1. Write out the GluC sites (Glu not before Pro) in segment 64-127 meeting two conditions: DSSP loop, and at most 10 other Cβ atoms within 10 Å of their Cβ.
2. So who's got an amide H within less than 5 Å of the one on TYR127, skipping anything under 5 residues away but keeping other chains? H placed 1.01 Å off N, in plane.
3. Can you tell me the Rg and the Dmax, both Å, for the Cα atoms in segment 50-133?
4. For THR94, which sequence-distant residues (separation of 5 or more, or a different chain) have an amide H within less than 5 Å of its own amide H, given hydrogens modelled in the peptide plane?
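Coordinate-derived values only; no laboratory data. Treat the numbers as computed from the prediction; the structure is a model and nothing was measured. So basically every Cβ, Gly included, is an ideal-geometry build from the backbone, and we count neighbours across all protein chains shown.
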Amino acid sequence: MIERPAARYGRRHLGHRRRRWITAVLALTVVAVGVLAAWVAAHRLTPTDVAGKVVRFEVVDTQTVDVTFSVTREDPSRPAVCIVRATSQDGSETGRREVLVPPAAERTVQVTVPVRTSKPPYVGDLYGCGLNVPGYLVSP
């Protein structure tokens, strides 16, 4: 093999080896990011230990809506917290309330709470439930 003059043509590149190495590193990085994204999605989208569902709502007057909802827990001996809200006819949230669901003997319980509103209510809704009960909701 004939050597090229470096002053005229520049240094010889190790192009193929370096390109293969960079391609392999990039491919492994893409796979690792994909696995991480799948793991995060699986943990955020899987069913939780508590679930709530609106049973019914009733507009009481121009400032109150009663919301009846059911809460199902895997471990009914644990307290839960649910966020109940009211919306006006234009869809804006006009009232919100955090509700403590105390421990119970059965897995599914039904709770009815009034939600005060700043505008005439149109719909009562359950935003969600969880097991991380804030300290201010737990009675001493």
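1. Values: sites: GLU74, GLU93, GLU98, GLU106; in loops: GLU74, GLU106.
Answer in residue order: GLU106.
2. Excluding prolines and chain starts, which carry no amide H, the hits are ILE83, VAL84, ARG85.
3. 12.8, 40
4. Here the answer is ALA86, THR87, SER88, since their amide H atoms fall under 5 Å of that of THR94.
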